[in-house]
Amino acid sequence: MTSSTPQKLAAEFIGTAWLMLGGCGSAVLAAGFPQYGIAFAGVSLAFGLTVLTMAYTIGHISGCHLNPAVSFGLWAGGRFPASQLGPYIAAQVLGAIAGAAVLYVIASGVPTFDVANGFASNGYGEHSPGGFTVGAAAVTEFVLTFFFLTVILGATSSRAPAGFAPIAIGLCLTLIHLISIPVTNTSVNPARSTGPALFVGGWALSQLWLFWIAPIAGAVAAGFFARWLDDQKAA
């Protein structure tokens, strides 16, 4: 039985909130904890685990996009109708904001917390963890989102082994973070970028444009590429 539109949107909302809490929460609350901090590798794994767990939980309801770039990529790949892009993206962004709000409340529970320190926001230039330029950030976000969507579309193809897609997708997102946290703090997801940026304001909002344009462009390119790659008529 097919899920209703409200059920799909609720699934996208709660799934994206979980992505924010699990991924950004690990960065804000656990990465730099004295002696026991999980560091870059731990944060990378946390992001992968959020997608892996939600893919098995809500994949059969909404497809578990959790990401406007994924929705655009699936549309370009012929797997998702254009008419649902707006509602899905709205649900994802609202879920990310809700997750960021919960994280803000938790993080504010210690006197030393200061949202100006970044709050897991994405950035380039002086706001890149490694000081990478806007050009390097744009290439990173475009290319890594391209590969992310290529993996998603390939792993969920009707010709791929059934039941293993969430594992491949979750591990791919982990690998993406291992590569790019030093460059941009890793977005590949405009909703994930928007949630923290709204709380940080200032520089985070002024740089947010990149983390919408580059991931969506990379995802759309991957969608068209994957559609051709999986086209049996072209063989």
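Numbers for the structure displayed
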| read-out | value |
| --- | --- |
| Förster radius 25 Å - calculated FRET efficiency between Ile213 and Val102 (Cβ-Cβ, nearest 0.05) | 0.35 |
| More than 27 angstrom apart: percent of Cα pairs within the stretch 1-152 | 28 percent |
| Fraction of accessible area attributable to carbon and sulfur, the stretch 1-84 (%, probe 1.4 Å) | 69 percent |
| The stretch 112-172 - Rg (one decimal) and Dmax (whole number), Cα, Å | 16.6, 52 |
| Residue (of Gln7, Ala96, Phe40) at the positive-pole extreme of the chain, dipole from beta-carbon charges | Gln7 |
| The stretch 187-235 pair-distance distribution - Cα-Cα, 5 Å bins, rounded % | 5, 21, 20, 14, 11, 9, 8, 6, 4, 2, 0 |
| Rounded to the nearest 20 debye, dipole of the chain from Cβ charges on Lys, Arg, Asp, Glu | 460 debye |
| For the chain: accessible area per residue (Å², 1.4 Å) | 45 Å² |
| Between the stretch 23-38 and the stretch 56-112, the alpha-carbon center distance in angstrom | 23 Å |
| Charge dipole (the chain, unit charges on Cβ, about Cα centre) - positive-most of His177, Phe147, Tyr124 | Phe147 |
| Percent of C-alpha pairs per 5 Å bin, the stretch 14-57, short to long | 6, 27, 29, 19, 12, 5, 1 |
| Burial order of peptide ranges 62-73, 117-128, 198-209 (average beta-carbon count within 10 Å, highest first) | 62-73, 117-128, 198-209 |
| Average projected area [Cα convex hull, the stretch 123-223], square nanometres | 6.2 nm² |
| Rh by Kirkwood over Cα pairs, then Stokes-Einstein D for the stretch 79-157 at 1.567 mPa s and 4 °C, µm²/s | 82 µm²/s |
| Euclidean distance between Cα centres, the stretch 1-15 to the stretch 189-235, Å | 22 Å |
| Binned Cα-Cα distances of the stretch 2-77, short to long, each 10 Å bin given as a whole percent | 20, 42, 26, 11, 2 |
| Vicinal HN-Hα couplings computed from phi for the stretch 94-105 (Karplus, 6.51 cos²θ - 1.76 cosθ + 1.60; Hz; Gly/Pro x) | 5, x, 5, 5, 5, x, 5, 5, 4, 4, 4, 5 |
| Rounded, prolate or oblate (a/c below 1.5 giving rounded, otherwise prolate when a/b exceeds b/c) for the stretch 153-200 by Cα gyration tensor | prolate |
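The values are calculated or read from the model by the stated rules, or taken from the named source; none is laboratory data. Treat the numbers as computed from the prediction; the structure is a model and nothing was measured. In this analysis, Cβ positions are derived from the backbone assuming ideal geometry, glycine residues included, and neighbour counts consider all displayed protein chains. Accessible surface areas use protein heavy atoms only, side chains included; no ligands, DNA or RNA. Shrake-Rupley method; radii C 1.70, N 1.55, O 1.52, S 1.80 Å.
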